[in-house]
1. Hey, among the residues in segment 51-65 that are more than 14 Å from the chain's Cα centre (by Cα) and without any contact (Cβ under 8 Å) to a residue 24 or more places away in the chain, which one's nearest to ALA3 (Cα to Cα)?
2. Filter segment 1-34 down to the residues that are under 18 Å from ASP56 (Cα atoms) and either modelled with pLDDT under 95 or of a type in the set (A, V, I, L, M) (or both), then identify the one that is most open to solvent (accessible area, probe 1.4 Å).
3. What are the residues in segment 35-65 that are open to solvent by less than 80 Å² (accessible area, probe 1.4 Å) and in a helix (DSSP H, G or I), if any?
Amino acid sequence: MAAVTIWNEFRHEREDDAVATVYPDGIHETIADALAGDHEVRTATLDEPDHGLTDDVLESTDVLL
């Protein structure tokens, strides 16, 4: 099972109503939901400390999307 980290700025979904309609929780969450059954999945976004990509997160990530 691959450890997948999905990174997204998560700006367009919060600033553009048309994008928010399609991805209300962010495109990163939509992708995470699709991969969750077969992989260990986490998400990270631009506004998190270290943009969600701390050394610990990166060291435990097999695939960064």
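1. Here the answer is GLU59.
2. The extreme case among them is ALA2.
3. LEU35, GLY52, VAL57, LEU58
The values are calculated or read from the model by the stated rules, or taken from the named source; none is laboratory data. Source: prediction; values computed, not measured. Neighbour counts run over all protein chains shown; Cβ positions are idealised from the backbone, glycine included. Ligands, DNA and RNA are stripped out before the accessible areas are found, and what is left, the full protein with its side chains, is counted by its heavy atoms. Shrake-Rupley method; radii C 1.70, N 1.55, O 1.52, S 1.80 Å.
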